[in-house]
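*Asks:* Take this structure, written in structure tokens, and hold onto it; I'll ask about it next.
Every number in this text was worked out from the coordinates using simple rules, so none of it is lab data. Source: prediction; values computed, not measured. Here the Cβ positions follow ideal geometry from the backbone for every residue, glycine too, while neighbour counts run over all protein chains shown.
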Amino acid sequence: MSKKIIDERCTLYVSSCDKYSDLWEPFFILFKKYWPDCPYPIVLTSESKTFSFPGLDIHCPRYYKPGDRVSWGQLNMRTLQDVKTPFVFFMLEDFLLEGPVNQAEISKALDWIADDPEVGRFQFSNGVHEPSEKYPSYHLAPDWDNYRINAQPAIWRKSVLLKSMVPKEGPWMWEINGSKRSRKWQGILLYNYHERMLKIPFDGALFHGKWHDDGINPIVDNGIPMDFSKRGIVRSRKSRAVTK
């Protein structure tokens with residue numbers, strides 16, 4: 001078996017916390033199945049817990065003690081500061097993969113951002129705005145976009161991601177306030193509009209700590225053991241729209 005090639009420019013950064021540790025097992029089962037050629041070292045954020053998975057080298061930096069009250073922004077800023085690579089592939093722990101990841105296209109985006117200091121992010125979910133002349137299949141995130149900063153899967157320049165955060169904010173306020181802060185920046189943020197480089201549930205797997213009804217599909221379809229009653233299940237926005 002050939003040795004796996006590691007791209008030391010980028011880290012797969014899975015943003016999580018202790019209270020969502022029950023998602024780590026299904027996340028990495030699906031990750032290993034659908035992204036076997038991921039060339040990036042893995043960092044999994046948590047306050048105090050650690051996690052391992054066969055065949056994967058997962059680093060869990062633990063800066064706090066069990067029960068410490070730590071904000072989402074504080075935890076992520078503390079962890080990102082110690083990430084050694086200049087770029088991070090940012091994902092939340094409830095972005096459960098549903099199909100194969102297009103590593104070739106992700107590698108292309110990493111090459112582009114590494115070569116262009118004006119680019120702060122290539123996001124791999126749809127955002128239909130002004131097409132980029134320089135980067136095929138991507139649109140520019142305009143200043144007026146209320147969610148030009150968001151938690152969707154993306155390759156970020158680590159310094160830009162850190163600049164978007166403040167310690168006191170949770171993920172939702174980070175998206176709103178970070179978008180406002182970003183209007184003062186120089187540089188560009190981009191959305192993919194042609195195709196998703198990785199397939200995840202429409203709204204992620206969780207909403208305020210409960211399972212989305214369509215977010216559980218990757219777990220159910222792959223026969224991964226999970227007691228959904230512990231968190232409960234709510235209808236996703238996608239399901240509500242279909243039934244209207």
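*Asks:* Would you order Asp213, Asp221 from fewest to most other beta-carbon atoms within 10 Å of each residue's own beta-carbon?
*Replies:* On the way: Asp213 17, Asp221 10.
Listing Asp213, Asp221 from fewest to most nearby Cβ atoms yields Asp221, Asp213.
*Asks:* Give me Rg/Rg_expected for the stretch 181-224, where Rg uses Cα atoms only and Rg_expected = 2.2 N^0.38 Å with N residues. Don't skip to the end; give the middle numbers.
*Replies:* On the way: Rg = 15.8 Å, N = 44, 2.2 N^0.38 = 9.3 Å.
Relative to the rule-of-thumb radius for its length, the stretch 181-224 sits at 1.71.
*Asks:* Can you tell which of Asp227, Asp57, Asp94 shows the greatest fluctuation in a Gaussian network model of the chain with Cα springs below 10 Å?
*Replies:* Comparing Asp227, Asp57, Asp94 in the GNM, the peak value goes to Asp227.
*Asks:* Considering only Ile219, Gly209, Ser15, whose Cα is most displaced toward the positive end of the charge dipole of the chain, charges sitting on Cβ of Lys, Arg (+1) and Asp, Glu (-1)?
*Replies:* Comparing the listed Cα positions along the dipole, Gly209 ranks first.
*Asks:* Run the numbers for Asp111 and Phe228: contour at 0.36 nm per residue of separation, minus the present Cα-Cα distance, in nm. Walk me through the numbers on the way to the answer.
*Replies:* On the way: separation 117, 0.36 × 117 = 42.12 nm, distance 4.01 nm.
Full-extension gain reported as 38.1 nm.
*Asks:* For the stretch 10-200, just list the percent of Cα-Cα distances falling in each 10 Å bin from zero outward, please.
*Replies:* 9, 38, 38, 14, 1
*Asks:* Now for a separate question. Which ordering of Lys158, Lys199 is given by a fewest-first count of other beta-carbon atoms within 10 Å? All intermediate terms of the calculation are to be shown ahead of the outcome.
*Replies:* Details: Lys158 19, Lys199 16.
Neighbour counts put them in this order, fewest first: Lys199, Lys158.
*Asks:* In addition: Could you tell me how far the Cα centroid of the stretch 92-148 sits from the Cα centroid of the stretch 1-65, in Å?
*Replies:* 21 Å
*Asks:* Using 0.36 nm times the number of residues separating Tyr64 and Lys32, minus their current alpha carbon distance, what extension gain do you get? Walk me through the intermediate numbers first.
*Replies:* Working: separation 32, 0.36 × 32 = 11.52 nm, distance 2.82 nm.
The span from Tyr64 to Lys32 would gain 8.7 nm if fully extended.
*Asks:* Here is a follow-up. For Val70, Val14, what's the fewest-to-most ordering of other Cβ within 10 Å of each Cβ? Numbers along the way, then the final one.
*Replies:* Working: Val70 19, Val14 24.
Ascending number of Cβ neighbours within 10 Å: Val70, Val14.
*Asks:* Multiply the residue separation of Tyr147 and Glu133 by 0.36 nm, subtract the distance between their alpha-carbon atoms, and state the gained length in nm to one decimal.
*Replies:* On the way: separation 14, 0.36 × 14 = 5.04 nm, distance 2.21 nm.
Computed gain between Tyr147 and Glu133 is 2.8 nm.
*Asks:* Given the options Asn192, Asn76, Asn222, which has the most mean-square fluctuation in a GNM of the chain, springs set between C-alpha atoms less than 10 angstrom apart?
*Replies:* Checking each option, the largest mean-square fluctuation is seen for Asn222.
*Asks:* Now a separate question. Given a cut-off of 23 Å, name the pairs among Lys158/Lys184; Lys19/Lys184; Lys108/Lys168; Lys19/Lys199 whose C-alpha atoms lie farther apart than that in the structure shown. Mind dumping the intermediate values first?
*Replies:* Numbers: Lys158/Lys184 18 Å; Lys19/Lys184 34 Å; Lys108/Lys168 34 Å; Lys19/Lys199 25 Å.
With Cα atoms farther than 23 Å apart: Lys19/Lys184; Lys108/Lys168; Lys19/Lys199.
*Asks:* Then there is this: Between Lys184 and Arg9, how high is the FRET efficiency from 1/(1 + (r/R0)^6) when r is the Cβ-Cβ distance and R₀ = 41 Å? Nearest 0.05. All intermediate terms of the calculation are to be shown ahead of the outcome.
*Replies:* Numbers: r = 27 Å, r/R0 = 0.67.
Rounded to the nearest 0.05, the efficiency is 0.90.
*Asks:* Please find, in a Gaussian network model of the chain (springs between Cα atoms separated by less than 10 Å), the residue of Leu56, Leu190, Leu23 whose mean-square fluctuation is greatest.
*Replies:* It is Leu56.
*Asks:* Follow-up question, since we're still on this one. Report the longest stretch of the chain that contains none of the GluC sites (Glu not before Pro) sitting in a DSSP loop with at most 12 other Cβ atoms within 10 Å.
*Replies:* Working: sites that count: Glu8, Glu118, Glu133, Glu195.
Result for the longest clean stretch: 9-117.
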